[in-house]
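Read-outs throughout are calculated quantities, based only on the coordinates presented, and are distinct from any laboratory measurement. A quick note: this is a predicted structure, and the numbers were derived from the prediction, not measured. Ideal geometry is used to build each Cβ from the backbone, glycine not excepted, and the neighbour counts take in all protein chains shown.
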Amino acid sequence: MTVFAVASAAQSPLPAAPQSSEEAQKYKISGTVVNAVTGAPLARAKVSVADTRARARRIETITDEGGHFEFRGLAAGKYALQGTRSGYLVSAYQQHDQFSTAIVTGPEFDTGKLVLRLTPMAMIAGHVLDEAGEPVRAARVRLYMEDYSAGVSRVDRAGGATSDDRGYFDIGVLRPGTYFLSADAKPWYAVNPPAENSAQHVPPALDVAYPTTFYGGATEAEGAAPIELKAGERQEIEIRLSPVPAVRLIFRAPEESPFQIPVLQKRVFDSLQSLPPQIRPTGPGVFELVGVPAGRYDVRTGSREPGGTQFVSEMNLTRDGQNLSEIKGEALGSLKVTVKTTDEEQLPEGYRVGLRDARQRLVALQSGQASGEATFEGLKRGKYRIVVLALGTRYAVEEITTASGETIGHHEVDVSAGATLEVTAQLVRGQVRIEGVAQKSGKPVAGVMVAQVPTSPEANADLFRQDQSDFDGTFTLPGVVPGTYTIVGVENAWGFEWMKAGVLARYVQHGQHVVIGDKMKGTVRLPEGVEVQAR
């Protein structure tokens, strides 16, 4: 049974390039949908194909009892094949991260016995318990996942849940991988009294808080126990919270300028997590933060006024009455960036300007203005890479200059403590597509990672491009800016740190070199196939 997803396409197959009547409308894509773990055929799975040049128009069908699907009457071309079924993740053909292999129809391709593997959804469930083994309700459970899609190992947020009256939570629709889990809550019995000059007396056993606790019992991310989740697996885990003394922290609000409530943050894997403040006034212009679990934090203080100085200090907060207003720490810097293109063309609507740190983490991101200006406040000292993100267009920073016109770098800005910098980032737009064929012993190979590696890769991370070879071995690397590159193809290269210093060096030795000149535009086709190398 074939169903057309778009009404206008109800009586015609997918669009394709003009062909002779003899060639047109005579190919098929067919095969079997199976469970990626067991290999068992999957009935009643929904399968779709779409011409890669018109993905919004799809043809859909439902597999029969043997998991079989078939699309007939297709023109020669490239098609995206995708499937889904209840209890399974949406999966494209030979999918890895955001990449997949397109099916190519034509007289030289056998597209009648394809196997589309669907990965069963996985789940993590469990209970959050207190020190007495009793359930903790309304605990905030956060999920993190190890991710290699950017070519480096990063651990980022991947969802979360809130525990119910039984302390129970579940997080579903998960793909296989390495996960970490944390929970935080307030003890139901906790009493966090007013400042220490109050007459109220509270036993120390009640003046407590729960620190953020990771699966495995650690209260710092470095000690978190990993959860290795397989496809279709349901893992039951338990996180037990143990109280620590709660501290009260004082801060004074300056009368002459807007004040910033002190922000307490912890580095949790590759992101910052802020402690939700519990604030109450204790006198004219005096406030306190209460119920803070004793521990180590980055404390941000200072003025909220534009141009006002902000500070950050790493502190071990274990004592009541610490005055956060007296903390100076290290002054934070600011960076005003004006982005311009080399040909003075207008930047596209919806573009964004961001900063990446040494680990390629996006630490700041702002919507771009028509003027090209973006200002970043509260930056720790360090080196930042300026990036410009725009839908459908690739940009790279070619040169960074100061207000006086001095060139200070080609990629990064070095922000010192308390510095206020204004720079202009000259952008170059990627206007070249590199096309080629991944091959082994002279034959095209599908499903391999193809990477465009720039000269001095550690200093030019934004110039990497990546693709997965299609059914006929072809690949496309879009948005390439002028420069010298090496194109490599590597088997089984998904899920490893190919961006890490030195990892790609041995592959580059056997790759294909290409130079993209300053005036080049359009498509560059590699004259020879890219030889696929073993990982």
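Observations on the model:
- Cross-link partners of Lys340 among aspartates and glutamates (Cα-Cα below 18 Å; sequence separation of 8 or more within a chain): Glu349, Glu373, Glu398, Glu399, Glu406, Glu412, Glu422, Asp462, Asp518
- Each label point was placed 7 Å from the Cα along the Cα-to-Cβ direction; for Glu314 and Arg240 their separation is 3.1 nm.
- 5 Å-binned pair-distance histogram of segment 198-355 (Cα, whole percent): 1, 7, 12, 16, 14, 12, 10, 9, 7, 6, 3, 1, 0, 0, 0
- Computing FRET efficiency as 1/(1 + (r/R0)^6) for Arg55 and Val508, where r is the C-beta to C-beta distance and R0 is 41 Å, gives about 0.80.
- For the chain, the mean residue ellipticity at 222 nm estimated from helices alone is 0 deg cm²/dmol, where every DSSP H run of n ≥ 4 contributes -39500 (n - 2.57) and the total is divided by all residues, rounded to the nearest 500.
- For segment 333-429, the spherically averaged projection of the C-alpha convex hull amounts to 5.7 nm².
- Whole-Å distance, taken between Cα centres, linking segment 272-297 and segment 159-196: 20
- Here's the list of lysines a cross-link from Lys380 could span, going by alpha-carbon distance under 18 Å and ignoring same-chain residues fewer than 8 apart: Lys266, Lys328, Lys336.
- Gain in span if fully extended, Glu220 to Ala419, counting 0.36 nm per residue against the direct Cα distance: 68.5 nm
- Zone residues, segment 217-249, relative to Val37, backbone N less than 18 Å from point 7 Å out along Cα-to-Cβ: 227-237
- Extension reserve of the Glu131-Lys230 stretch, reckoned as 0.36 nm per residue once the Cα distance is removed: 32.6 nm
- Inter-label distance for Glu377 and Leu272, nm, one decimal - labels placed 7 Å from Cα along Cα-to-Cβ: 1.3
- Pair-distance profile P(r), taking every C-alpha pair of the chain, with 20 angstrom steps and integer %: 17, 42, 32, 8, 0
- Only Lys, Arg, Asp and Glu carry charge here, each on its Cβ (+1 for the first two, -1 for the last two); on that basis the chain has a dipole of about 860 debye about its Cα centre.
- Note on segment 440-535: percent of Cα-Cα distances in each 5 Å bin, starting at 0 and stopping at the bin with the largest distance, equals 2, 13, 26, 27, 19, 10, 3, 0.
- Residues whose amide H falls under 5 Å from that of Ala45, counting only those 5 or more places apart or on a different chain, are Thr63, with hydrogens built in the peptide plane.
- When both segment 30-107 and segment 484-535 are represented by their alpha-carbon centers, they are found 29 Å apart.
- Taking each of Lys78/Lys443; Lys383/Lys500; Lys500/Lys521; Lys113/Lys440; Lys78/Lys521 in turn, the alpha-carbon distance tops 28 angstrom for Lys500/Lys521.
- Here the Karplus relation 6.51 cos²θ - 1.76 cosθ + 1.60, evaluated at θ = phi - 60°, turns the backbone of segment 182-192 into coupling constants of 9, 9, 9, 6, 10, x, 5, 9, 5, 10, 10 Hz, with x for every Gly and Pro.
- Packing around the peptides 327-340, 286-299, taken as the average count of other Cβ atoms within 10 Å per residue, puts them in this order, highest first: 286-299, 327-340.
- Of all DSSP beta bridges confined to the chain, the antiparallel ones make up roughly 80%.
- Each part gets one Cα centre, and for segment 345-371 versus segment 399-430 those centres are 14 Å apart.
- Separation of the Lys443 and Val115 label points, Cα + 7 Å toward Cβ, nm: 1.7
- Given charges at Cβ of Lys, Arg, Asp, Glu: segment 405-486 dipole, positive-most of Ala446, Gly405, Val423: Ala446
- Fewest-first ranking of Phe169, Phe475, using other Cβ atoms within 10 Å as the exposure measure: Phe169, Phe475
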